[in-house]
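Colleague: Below is the structure I would like to discuss, written out as structure tokens.
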Amino acid sequence: MTKPPLTIHLAAPRGFCAGVDRAIKIVEMALEKWGAPVFVRHEIVHNKFVVDNLRDQGAVFVEELEDCPDDRPVIFSAHGVPKSVPAAAEARQMIYVDATCPLVSKVHIEAERHAENGLQIVMIGHAGHPETIGTMGQLPAGDVLLVETVEDVATLDVRDPGKLAYVTQTTLSIDDTADVVAALQERFPAIVGPHKEDICYATTNRQQAVKEIAPLCDALLVVGAPNSSNSKRLVEVGARAGCSYAQLVQRAGDIDWRALEGIGSLGITAGASAPEVLVNEVIDAFRDRFDVTVNLVETAQERVNFKVPRVLREEA
Ligand code: 0JX
Ligand code: SF4
């Protein structure tokens, strides 16, 4: 039986960013240095395949520091932690390694600096997300105000409208965030912030690539996890850029083949925490059913690389 033709527009950049690469390397190097078990507070990155793999190598994933014993090393996830977490680890004299992405740490430092200058901080982010909790937790509880949407800006109750600064989560939608920033600037003209927002290079590049391929595609699949903020944003960006069917899939097994019947073009990208093997698994599943031609659409090149913490480099 002849297979129907399918053009796959493959977005680039996609998949692992420098922060994810570094975080995974930290867990692997910690296992090498200290042996198993090494504890990891929260999923090191939001991907079940990555987490399962590290678990097989001896990593133990927990949600809270209280779930770790005193005498085993613990690693903090790429998303960052409130200040209280390393403080508690120190009080217990634990060995810990912070795998917070340096671009998230940069936002932490920004928030602290604003607070030292007497400014109240507004954080643009998603409630309950570990990065939001971590960034807000750089300052005492209640000091940082959270806004998620343009509507939230109208109800903000600030100490002094002349003494405000904003910071953002690194994985937000570029376009939605621009709207929230504009609403903040309109209501509080004196508010200070970064040049635009704190969205990182990887988030920016992956959204840009999706915008490029979405109008070319009958359907778009984003390889990524349901708890991955940056991956979910790629689905939204794709839908908004004109692709009527945009879906998140963790693995090839999640593909809804019935919904994709009759398509002639497909976009594929992957969130910053999704390994390339899973992208290949998805492409191979299409090759089984279609006569596939892959068209790589590269909108940027990335050369960012972050060093692992010194404690792990010493023994390397
Ligand atoms: O949910 P997020 O997109 O923040 O995290 P994920 O999917 O683990 O991606 C990598 C870590 C990103 C931190 O900024
Ligand atoms: Fe760092 Fe951006 Fe990757 Fe998050 S998505 S880990 S901020 S590079």
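The values are calculated or read from the model by the stated rules, or taken from the named source; none is laboratory data. What you see is a predicted model, and the numbers here were worked out from it, not measured in a lab. Ideal geometry is used to build each Cβ from the backbone, glycine not excepted, and the neighbour counts take in all protein chains shown. We work out accessible area using only protein heavy atoms, side chains counted, and drop any ligands, DNA or RNA first. Shrake-Rupley method; radii C 1.70, N 1.55, O 1.52, S 1.80 Å.
Colleague: What ranking do 83-92, 256-265 get when scored by the average of other Cβ atoms within 10 Å per residue, highest first?
Modeller: Working: 83-92: 14.7, 256-265: 11.6.
Result, highest mean first: 83-92, 256-265.
Colleague: Placing unit charges on C-beta atoms (Lys and Arg positive, Asp and Glu negative, everything else neutral), compute the dipole magnitude of the chain about its Cα centre in debye, rounded to 20. Mind showing how you got there, number by number?
Modeller: Numbers: 30 positive and 45 negative charges, 120 e Å.
Using Cβ point charges on Lys, Arg, Asp and Glu, the chain gives about 580 debye.
Colleague: Per-residue counts of other Cβ atoms within 10 Å, averaged by peptide: what ranking do you get for 8-21, 183-196, highest first?
Modeller: Put in order of decreasing packing, that is 8-21, 183-196.
Colleague: For a Förster distance of 51 Å, can you work out the FRET efficiency between the beta-carbons of TRP257 and VAL60, rounded to the nearest 0.05?
Modeller: 0.90
Colleague: Another one. Can you tell me the order of 99-105, 27-33 when each peptide is scored by its average per-residue count of other Cβ atoms within 10 angstrom, highest first?
Modeller: Order by mean packing, descending: 99-105, 27-33.
Colleague: To continue, here is another question. Can you give me the Cα centroid spacing of the stretch 36-108 and the stretch 295-312 in angstrom?
Modeller: 22
Colleague: Still on this structure: In whole angstrom, note down how far apart the Cα centers of the stretch 1-29 and the stretch 193-245 are.
Modeller: 14
Colleague: If R0 is 25 Å, what FRET efficiency do you get for ALA91 and VAL311 from their C-beta distance, rounded to 0.05?
Modeller: 0.85
Colleague: Does the chain come out rounded, prolate or oblate by the C-alpha gyration tensor, with a ≥ b ≥ c the root eigenvalues, rounded set by a/c under 1.5 and, if not, prolate when a/b is larger than b/c and oblate if not?
Modeller: Judged from the Cα gyration tensor, the chain comes out oblate (a/c at least 1.5, b/c at or above a/b).
Colleague: To the nearest 10 Å², what's ARG240's accessible area with a 1.4 Å probe?
Modeller: About 150 Å², rounded to the nearest 10.
Colleague: What figure in square angstrom, to the nearest 10, would you give for the accessible area of ILE109 with a 1.4 Å probe?
Modeller: For ILE109, the solvent-accessible surface is approximately 110 Å².
Colleague: Please give the solvent-accessible surface of ILE199 in Å², to the nearest 10, using a probe radius of 1.4 Å with every protein chain present.
Modeller: Answer for ILE199: close to 20 Å² accessible.
Colleague: Taking amide H atoms as placed 1.01 Å from N in the peptide plane, list the residues 5 or more away in sequence, or in a different chain, whose amide H sits under 5 Å from that of LEU164.
Modeller: For LEU164, whose amide H was placed from the backbone, the distant partners under 5 Å are GLN120, VAL192.
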